[in-house]
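As structure tokens, the structure follows; a few thoughts come after it.
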Amino acid sequence: MSPLLYYALPALGGYITLSIFFLRRPRLLHTPHAPVFCPRLVAHRGGSGELLENTMEAMRNAMTQRADLLELDCHLTRDGVVVVSHDKNLSRQSGLNKDVSSLDFEELPLYKEELEVYFSPGHFAHGSDRHMVSLEDMFQRFPQVPMSVEIKEKDEELIYKIADLVRRFDRNEITIWASEKSSIMKKCKAANPEMPLSFTISRGFWVLLLYYLGLLPFIRIPEKFLFCFLPTIINRTYFPFSCSGLNQLAAVVLKWIIMRKSLIQHLRERGVQVVFWCLNEESDFEVAFSLGATGVITDYPTALRRYLDNHGPGPQLPKSEFLSSVSLPEK
């Protein structure tokens with residue numbers, strides 16, 4: 001054996017042993033985040049499979065099913081109103097080919113009478129309420145309900161208006177910053193650093209890399225939420241690529257990379273709540289919770305509520321860390 005290997009192999013063995021040890025016992029190195037709420041049932045766009053997305057009617061339905069978190073996207077109208085809307089352009093939602101930013105709030109069109117459910121292709125939602133709503137109206141109607149607000153564009157005016165609304169309604173601990181882009185998340189954090197952060201795409205890949213290198217136990221994690229898609233839905237209800245072959249390959253590779261119980265358990269031990277999206281079938285609920293996920297984002301809150309009621313509470317956060325339960329508004 002060469003002198004280099006003589007020293008390198010024991011050092012490598014010691015590093016691997018330490019990494020595994022602290023991966024399983026992260027609290028020896030880190031104080032975990034103290035969660036304010038536990039999002040088991042998350043209503044995607046308010047539950048867009050049961051009623052028209054992002055309407056007040058959909059939100060009330062989600063609350064009827066005891067949703068723990070409402071998932072929203074926001075854009076800014078021409079007159080500076082923060083509106084709850086997934087799309088920047090209104091064509092898919094209303095048939096009007098204009099951007100939200102080109103209209104005043106009072107000029108926003110009604111939703112179409114039916115909208116296809118993105119993560120359940122071929123299924124359509126209907127509802128009697130077709131009105132778009134402002135984020136301020138949402139905060140007024142559901143003052144104590146946790147919400148995740150996703151920002152899709154680097155619009156500083158939008159970000160600061162949301163930050164100010166959150167402060168005005170005293171929602172710092174129960175409103176989550178969400179964005180796919182780290183450049184946007186940086187601006188969100190600057191606008192209101194008291195709001196909890198979720199992982200961006202690049203930060204999520206960074207955590208995966210650190211996990212496989214064995215470095216994750218030694219790195220600080222400021223985020224409190226990981227919203228991650230479940231790889232098993234690729235090529236079934238989620239089609240990220242136009243080529244079927246690429247979707248099949250992505251499903252296999254990402255399933256192997258992401259679906260690691262030891263990774264999810266490590267994050268949860270550090271107070272990071274792992275929530276898989278966007279799951280609309282019971283078999284997918286089962287997969288997510290069997291991996292140790294905190295919760296599930298769904299278009300069908302009634303179906304997920306039925307599953308949770310039938311299968312018990314599942315793994316819970318330690319009671320010593322759970323600060324408070326968030327009460328729902330009176331109906």
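The values are calculated or read from the model by the stated rules, or taken from the named source; none is laboratory data. Because the structure is predicted, anything quoted here is derived from the model rather than measured. Cβ atoms come from the backbone with ideal geometry, glycine included; neighbour counts cover every protein chain shown. Accessible surface is based on the protein model in full, side chains and every heavy atom, while ligands, DNA and RNA are left aside. Shrake-Rupley method; radii C 1.70, N 1.55, O 1.52, S 1.80 Å.
Kindly indicate whether ASN235 is open to solvent by 10 Å² or more (accessible area, probe 1.4 Å), within 27 Å of ASN54 (Cα to Cα), touching a helix residue (DSSP H, G or I) at 6+ places or on another chain (Cβ under 8 Å) and in contact (Cβ under 8 Å) with a residue 60 or more places away in the chain. Step through it out loud before you land on a result.
Working: open to solvent by 10 Å² or more (accessible area, probe 1.4 Å): yes; within 27 Å of ASN54 (Cα to Cα): yes; touching a helix residue (DSSP H, G or I) at 6+ places or on another chain (Cβ under 8 Å): yes; in contact (Cβ under 8 Å) with a residue 60 or more places away in the chain: no.
No, not satisfied.
Counting just the residues of the stretch 240-264 that are among the small types (Gly, Ala, Ser) and within 24 Å of VAL274 (Cβ to Cβ), which one comes out modelled with the highest pLDDT? Spell out the reasoning first.
Let us first name the residues in the stretch 240-264 that are among the small types (Gly, Ala, Ser), namely 242, 244-245, 250-251, 262.
From what's left, within 24 Å of VAL274 (Cβ to Cβ): 250-251, 262.
On the way: ALA250: 85, ALA251: 86, SER262: 96.
Residue satisfying both the conditions and the ranking: SER262.
Inspect the stretch 201-221 for any residue being over 23 Å from SER148 (Cβ atoms) and modelled with pLDDT under 95 and give the result as yes or no. First the steps, then the outcome.
Step one: filter the stretch 201-221 for residues over 23 Å from SER148 (Cβ atoms), giving 209-219.
Now drop any that are not modelled with pLDDT under 95, which leaves none.
No, there is no match, as no residue in the stretch 201-221 is over 23 Å from SER148 (Cβ atoms) and modelled with pLDDT under 95.
Restricting attention to the stretch 171-226, the residues being closer than 28 Å to LEU158 by Cα, open to solvent by less than 50 Å² (accessible area, probe 1.4 Å), of a type outside the set (Gly, Ala, Ser) and not in a strand (DSSP E or B) number 14.
Close Cβ contacts (under 6 Å, 6 or more residues apart or on different chains) running from residues in the stretch 247-263 that are of a type outside the set (Ser, Thr, Tyr) to residues that are modelled with pLDDT under 90 and open to solvent by 70 Å² or more (accessible area, probe 1.4 Å) comprise ASN247/PHE239; ASN247/PHE241. A Cβ distance below 7 Å, combined with a sequence gap of six or more or placement on separate chains, defines the contacts here; from the stretch 170-196, residues that are on the phi < 0 side of the Ramachandran plot and small (Gly, Ala, Ser) reach residues that are part of a loop (DSSP other than H, G, I, E, B) and buried (at least 16 other Cβ atoms within 10 Å of the Cβ) in the pairs SER179/ILE151; SER179/THR200; SER182/THR200. Name the single residue, out of those in the stretch 9-37 being under 13 Å from PHE218 (Cα atoms) and hydrophobic (A, V, I, L, M, F, W, C), that is most open to solvent (accessible area, probe 1.4 Å). Restricting to residues being under 13 Å from PHE218 (Cα atoms) and hydrophobic (A, V, I, L, M, F, W, C), the top hit is LEU28.
Could you pull out the residue among ASN61, ASN54 that is in contact with a Leu (Cβ under 8 Å, 6 or more places away or on another chain), closer than 30 Å to VAL133 by Cα, open to solvent by 10 Å² or more (accessible area, probe 1.4 Å) and of a type in the set (S, T, N, Q)? So that I can check it myself, show each step before the final result.
Working: ASN54 fails: open to solvent by 10 Å² or more (accessible area, probe 1.4 Å).
Testing whether each residue is in contact with a Leu (Cβ under 8 Å, 6 or more places away or on another chain), closer than 30 Å to VAL133 by Cα, open to solvent by 10 Å² or more (accessible area, probe 1.4 Å) and of a type in the set (S, T, N, Q) leaves just ASN61.
Of everything in the stretch 238-270, what is in a loop (DSSP other than H, G, I, E, B), within 25 Å of PHE22 (Cβ to Cβ) and open to solvent by 40 Å² or more (accessible area, probe 1.4 Å)? Give them in sequence order. Residue satisfying the conditions is ARG260 alone. Does at least one position in the stretch 178-194 carry a residue that is touching a strand residue (DSSP E or B) at 6+ places or on another chain (Cβ under 8 Å), at pLDDT 95 or above and within 22 Å of ALA67 (Cα to Cα)? Yes, some residue in the stretch 178-194 is touching a strand residue (DSSP E or B) at 6+ places or on another chain (Cβ under 8 Å), at pLDDT 95 or above and within 22 Å of ALA67 (Cα to Cα).
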